[in-house]
Amino acid sequence: MAAAVTGSGAGSKRARTDPVPRIGTHDGTFHCDEALACFLLRLLPRYRDAEVVRTRDPQRLAQCDVVVDVGGEYDPERHRYDHHQRSFTQSMRSLQPSKPWTTKLSSAGLVYCHFGSQILAGLLGQPEDSPVVTALYDKLYENFVEEIDAIDNGIAQTDGEPRYALTTNLSARVGHLNPRWNDPDQDTEAGFKRAMELVGSEFMDRLDYYHRAWLPARALVEDAIRRRFEVDTSGVMLELPQGGCPWKEHLFSLEKELALPNPLQLVLFPDRSGQWRVQSVPVGPRSFESRLPLPEPWRGVRDEALSQLTGIPGCVFVHSSGFIGGNRTREGALEMARRTLALQGPSPMSCQCWDFPWTVVGNG
């Protein structure tokens, strides 16, 4: 991925007589959205060597090639990408009706909306309309950029009072790079450069993971779904060839795309030690609730005591919440899964399984 980044966004070198392009944004306290917006713009060949001008002076901003997060204008024809004006209500869905996200865009989201496919195509060396670029564009928006949009626009993640505070997200870490209120030196230039490096590093790391780990997992999950009746005649159990595969979001997407008649319930896979796990499919991609948790009497019991309780040799554990269990062999894990299904009776859908949301995360 590093090689792709180095060769990306570079294009042909700028002629020495060409003026250096300028990216304008506001000075003073900085935020995650404009730091990411500036970083993303500099991945484009035309802005690779751009100077970032931090000011609120309208005359200086007028001289910039592109302006983000300041100026009170959203005009993509003139490359003005502010979101603070009262008239601004744009979301990814309003600008690209094929997309599902309705969160109000920040400057980061605006830049990503207009240039994200071009940026990813350059980084990955693929056409903008390729399936890989399309899938990663959606995935990175929903799992990286949208959070920054929402936080910058003051949109709460949930209704009501949250159970606990989230204070270590990327936006919070960028905020901590600003001078403290009582620091003698209130200069923000050095901190903003560090913020661009931070958000840029996180963006590139996330892209690398989704491209080289998350996306290849889709083929494994799809193959497991197609072979599910080879695992068990119920057709609601999957077997993956190795642990650590990020299967959940692909599973939800593929259930819908393949129009499966019954929701999938349990997933079997080996762990790094060669033992086997049986895990319940959650009711949603971000839920801690299971569609079919392992039986309550098994939960929190381990080793020989669990084997005696279940009548299944080789048991290792069942988590106290019932979402996962382990056995020393594939046959033992499969029997734990089958017993779980049998103990739930003929219709395991009683645990909200028919009510789970058909959520498509990105392009699967």
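The values are calculated or read from the model by the stated rules, or taken from the named source; none is laboratory data. Worth saying up front: this structure is predicted, and the values here are computed from it rather than measured. Cβ sites come from the backbone with ideal geometry, for glycine too, and all protein chains shown count toward neighbours. The protein model used for the area step is the full one, side chains on, heavy atoms only, and it has no ligands, DNA or RNA in it. Shrake-Rupley method; radii C 1.70, N 1.55, O 1.52, S 1.80 Å.
Restricting the range 101-158 to residues that are touching a strand residue (DSSP E or B) at 6+ places or on another chain (Cβ under 8 Å) and in a loop (DSSP other than H, G, I, E, B), the residue that is most open to solvent (accessible area, probe 1.4 Å) is T102.
Each residue in the range 163-189 was checked for being among the aliphatic types (A, V, I, L, M) and assigned to a loop (DSSP other than H, G, I, E, B), and 3 pass. Apart from one condition, D18 fits all of (1) modelled with pLDDT of 95 or more; (2) surrounded by fewer than 18 Cβ atoms within 10 Å (Cβ to Cβ); (3) assigned to a loop (DSSP other than H, G, I, E, B); the exception is (1).
Annotation note: of E189, E146, the sole residue that is touching a Phe, Trp or Tyr at 6+ places or on another chain (Cβ under 7 Å), in contact (Cβ under 8 Å) with a residue 24 or more places away in the chain and acidic (D, E) is E146.
Only residues that are touching a His at 6+ places or on another chain (Cβ under 9 Å) and closer than 24 Å to G326 by Cβ were counted across the range 189-224, and they come to 3. Looking at this structure, is L140 in the same structural domain as T29 (by the TED database), under 27 Å from D65 (Cα atoms) and touching a Phe, Trp or Tyr at 6+ places or on another chain (Cβ under 8 Å)? In short, yes.
Counting the residues of the range 271-292 that are of a type outside the set (S, T, N, Q) and open to solvent by 20 Å² or more (accessible area, probe 1.4 Å) gives 9.
Would you confirm whether any residue within the range 160-170 is open to solvent by less than 20 Å² (accessible area, probe 1.4 Å), farther than 27 Å from L254 by Cα and either among the small types (G, A, S) or touching a residue at least 24 places away in the same chain (Cβ under 8 Å) (or both)?
Yes.
Find the residue count for the range 66-123, including only residues that are out of contact with any Gly (no Cβ under 6 Å at 6 or more places or on another chain), among the aliphatic types (A, V, I, L, M) and more than 25 Å from A156 (Cα to Cα). Number satisfying all stated conditions: 5. Within the option set R206, R212, R218, being basic (K, R), closer than 26 Å to Q126 by Cβ and in contact with a Gly (Cβ under 8 Å, 6 or more places away or on another chain) holds for one residue only, R218.
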